[in-house]
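Here the structure is laid out as structure tokens; the discussion comes afterwards.
Any read-out appearing in this document is the output of simple, stated calculations on the displayed coordinates, not a laboratory observation. Values in this document were obtained by computation on a predicted structure and should not be read as measured data. Quick reminder, even Gly has a Cβ in these numbers, built from the backbone with ideal geometry, and neighbours come from all protein chains shown.
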Amino acid sequence: LPKAFLMAKPVLEHIEKHNHQAYFVGGCVRDLLLNRPLGDIDIATSASPEYIQEIFPKVIPVGIEHGTVIVRYEKESYEVTTFRMDGNYSDKRHPDTVQFIDKIDKDLERRDFTINALAMNLRGDMIDLFGGKEDIQKEIIRTVGNGYERFTEDPLRIIRALRFSSQLGFTIHPETLDDIKLVRHEIKSLAMERITNEFTKLFAGTYITTGIQYVKNLEIGKFLPVFSDFPDIINLIPSTMKPLKSFGEVITLLHLLKPEVTINHWVTKWKCSNKTKFEASQLLEAYKHYTVNGLDNMLVYRLRPEFYAGFVRLVHILEDTSVSMQQMVMIENKLEIYQKSDLAINGHDLIELFPERKKGPWLNHVINQIEQEVVTGKLMNNKNVIKDWVKWNPPAID
Ligand code: ATP
Ligand code: MG
């Protein structure tokens, strides 16, 4: 067993010791069979959330009413969910009622796809009620039960089907495809954040071109903000498309492919976080700078290091030229300064140089010029050298 499973074993053992059933369940079992790096370990149990809280010292009650708690064990977090059946989904978000049960079969029945409806206990016994193992082998995504009903219950499962095709490279079963076509318009009723969350994973998938192909063929764009107003966007995605690691990268790419749609528009319509918005603005600025000047000191200076990799990915998709992470880091290491406050001169020094002047916009203006000269390597970051430079290049009066 992979390390993550071994680390989680004591949690299941502890539940069993208290005479309750415990299983690894969902994505982690699927990824184990696929020999794929796994996200997180989810555990299903017959014990009630309250009982789990009693028998483990560190439990975070994240969703008690749905039967989910997080057990902290040896610095790791495990989502432990009580076996349950779901009631109606009248708000298309959460089941109206959940009913805790003491056997796992009905719990597996509520899960979206056969490949996600597997459970395994400590002894390696696999519970596979819907042919999930076989579908993994055949690389097929297929709903558990009647697809039309399952997608109507929660239309997010449609987006999830596309997301799994992009992550795993699997084919969507023809019947499931037909059911998607019957329900796809219901995507409009979903909370945008849920869609954005799945799309972020879709665009990060190893088999992104497979995922995009499904989005195109199933005309999912018709039911999504922005894509529905600009139906050509999805076709503009180049065949050189590669996985993108964040939604900030995604909307930067989509904006570059369709400049009429601004980053702000994407952010608003897709309810993105401020973090995503900031990332996209950083990436866009860097990309534009790159197309004019190439990779230079100023680009690296302005771009936050956490976005270097995303910038490299965008260039890789959009340009014939390429940029490597090593190049970026090499330039970063040679920068004279990393921020304005690293300059060897400040506002006070400048006022001293021009005692006859009042404070005003000219000050910022000179500092920006000095910053530019220092970053581009034309001026040494040394107080006297900068002072000399300022004397020879006296700032314009406001
Ligand atoms: P990842 O590796 O990305 O975490 P995952 O399969 O674990 O993939 P999650 O979104 O973490 O996916 O969900 C965990 C499990 O819960 C799924 O494997 C599936 O069994 C079930 N599940 C999640 N969302 C739904 C849904 N909308 N409808 C039905 N079952 C769902
Ligand atoms: Mg998961």
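Structure summary
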quantity: Rounded to the nearest 20 debye, dipole of the chain from Cβ charges on Lys, Arg, Asp, Glu; calculated: 700
quantity: Dipole in debye (nearest 20) - region 95-224, about Cα centre, beta carbon charges: Lys, Arg +1; Asp, Glu -1; calculated: 440
quantity: Charge dipole of region 239-335 about the Cα centre (unit charges at C-beta), most positive-ward option of W270, M298, L283; calculated: W270
quantity: Region 139-224 - convex hull of alpha carbons, volume per residue in Å³; calculated: 75
quantity: Given K75/K245; K340/K383; K17/K58; K222/K258; K133/K216, the pairs whose alpha carbons are separated by over 21 Å; calculated: K75/K245; K133/K216
quantity: For the chain: relative contact order, % (alpha-carbon pairs under 8 angstrom, 6 or more apart); calculated: 8
quantity: For the chain: span of alpha carbons on each principal axis (Å, largest first); calculated: 84, 51, 36
quantity: If the convex hull is drawn through the Cα atoms of region 261-398, its volume per residue in Å³; calculated: 145
quantity: For G169, residues with placed amide H under 5 Å, excluding near neighbours; calculated: Y207
quantity: 20 °C / 1.002 mPa s Stokes-Einstein diffusion coefficient of region 1-147, Kirkwood radius on C-alpha pairs, µm²/s; calculated: 138
quantity: Cα-based equivalent ellipsoid, region 239-335: semi-axes from gyration tensor eigenvalues, Å; calculated: 22, 15, 12
quantity: Pair H18, K391: separation of 7 Å Cα→Cβ label points (nm); calculated: 7.8
quantity: Least to most buried among S246, S189, S341 (fewest other Cβ within 10 Å first); calculated: S341, S189, S246
quantity: Estimated [θ] at 222 nm from DSSP helical runs (n ≥ 4, -39500 (n - 2.57)) normalised by residues in the chain, nearest 500; calculated: -14500 deg cm²/dmol
quantity: Dipole of the chain, positive direction: furthest Cα of I60, F354, G221, with charges on the beta-carbon; calculated: F354
quantity: Per-residue ³J(HN,Hα) for region 32-49, Karplus 6.51 cos²θ - 1.76 cosθ + 1.60, θ = phi - 60°, Hz, x for Gly and Pro; calculated: 5, 5, 8, 6, 10, x, 9, x, 10, 9, 9, 10, 10, 9, 7, 6, 6, x
quantity: Alpha-carbon centroid distance for the pair region 47-116 / region 259-321, whole angstrom; calculated: 39
